[in-house]
Amino acid sequence: MRVSQNFSEAFLRDMVLSGELALPAGNMKEPFIDANDIADVALTEDGHAGKIYEMAGPGLLTFTEVVQEISKATGREISYVQISHDDFVSGLKEQGLPSDMVPLLDYLFTTVLDGRNAHLTDGVQRVLGRQPRDFSAYVRDAAAAGAWRE
């Protein structure tokens with residue numbers, strides 16, 4: 001869930017396009033990470049065999065802050081609305097999401113987004129020797145590439 005591209009390439013994209021991100025996430029902060037950073041780490045071979053690195057973006061953002069960044073980059077008004085867990089699950093089913101995806105997203109929003117990830121790590125820095133890509137940079141590039149055009 002913490003991957004930035006979920007907002008431009010996955011189920012959250014439709015919500016962004018609708019102008020409203022309706023999720024049961026509250027004001028939980030998450031260390032959203034760019035999938036390109038994950039790929040760069042995965043492709044790095046020298047000196048990392050057998051090591052485990054926890055990956056995180058360079059800052060913690062709430063979903064409200066995420067939609068503010070996307071709004072700024074796209075010039076469109078997008079809002080975050082906190083909804084109940086039951087409404088979220090019902091909405092997923094109504095959207096016709098594949099039945100195996102509903103329990104996964106249910107798990108993500110009830111268990112994973114419970115505050116345990118509200119911290120930063122140095123995994124990207126340790127492997128790549130640079131900071132992870134900032135969410136606002138990802139949003140600017142995604143918007144320029146047309147990620148949120150219908």
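Within region 64-71, the presence of a residue that is part of a loop (DSSP other than H, G, I, E, B) and either out of contact with any His (no Cβ under 7 Å at 6 or more places or on another chain) or surrounded by 16 or more Cβ atoms within 10 Å (Cβ to Cβ) (or both) is excluded.
For region 119-136, a residue qualifies if it is closer than 17 Å to Pro31 by Cβ and either in a loop (DSSP other than H, G, I, E, B) or without any contact (Cβ under 8 Å) to a residue 12 or more places away in the chain (or both), and the qualifying residues are His119, Leu120, Thr121, Asp122, Gln125, Arg130, Gln131, Pro132, Arg133, Asp134.
Within the set Arg76, Arg116, the sole residue that is free of Cβ contacts under 8 Å to residues at least 24 places away in the same chain, basic (Lys, Arg) and assigned to a loop (DSSP other than H, G, I, E, B) turns out to be Arg116. Note on region 49-63: among residues that are out of contact with any Pro (no Cβ under 6 Å at 6 or more places or on another chain) and closer than 20 Å to Tyr80 by Cβ, the one that is surrounded by the most Cβ atoms within 10 Å (Cβ to Cβ) is Phe63. The residues on offer are Ile33, Ile83, and the sole one that is in contact with a Pro (Cβ under 9 Å, 6 or more places away or on another chain), under 30 Å from Val127 (Cα atoms) and β-branched (Val, Ile, Thr) is Ile33.
Out of curiosity, is Arg126 surrounded by 12 or more Cβ atoms within 10 Å (Cβ to Cβ), among the basic types (Lys, Arg) and over 18 Å from Gln68 (Cα atoms)? Yes. A count restricted to region 26-63 and to residues that are outside any loop (DSSP other than H, G, I, E, B), within 15 Å of the chain's Cα centre (by Cα) and not aliphatic (A, V, I, L, M) stands at 4.
When Glu150 is tested against (1) modelled with pLDDT of 90 or more; (2) more than 26 Å from Leu60 (Cβ to Cβ); (3) part of a loop (DSSP other than H, G, I, E, B), only condition (1) is not met. Let me confirm something: among Asp46, Asp141, Asp100, which residue is charged (D, E, K, R) and surrounded by 13 or more Cβ atoms within 10 Å (Cβ to Cβ)? After applying the criteria, what remains is Asp141. If you scan region 1-25, which residues turn out to be surrounded by 14 or more Cβ atoms within 10 Å (Cβ to Cβ) and part of a loop (DSSP other than H, G, I, E, B)? Those that are surrounded by 14 or more Cβ atoms within 10 Å (Cβ to Cβ) and part of a loop (DSSP other than H, G, I, E, B): Met1, Arg2, Ser4, Gln5, Pro24, Ala25.
Apart from one condition, Gly115 fits all of (1) exposed (fewer than 14 other Cβ atoms within 10 Å of the Cβ); (2) modelled with pLDDT under 90; (3) more than 18 Å from the chain's Cα centre (by Cα); (4) small (Gly, Ala, Ser); the exception is (3).
The values are calculated or read from the model by the stated rules, or taken from the named source; none is laboratory data. Bear in mind the structure is a predicted one, so any value in this text is a computation, not a measurement. Note: ideal-geometry Cβ built from the backbone for every residue, glycine included; neighbour counts use all protein chains shown.
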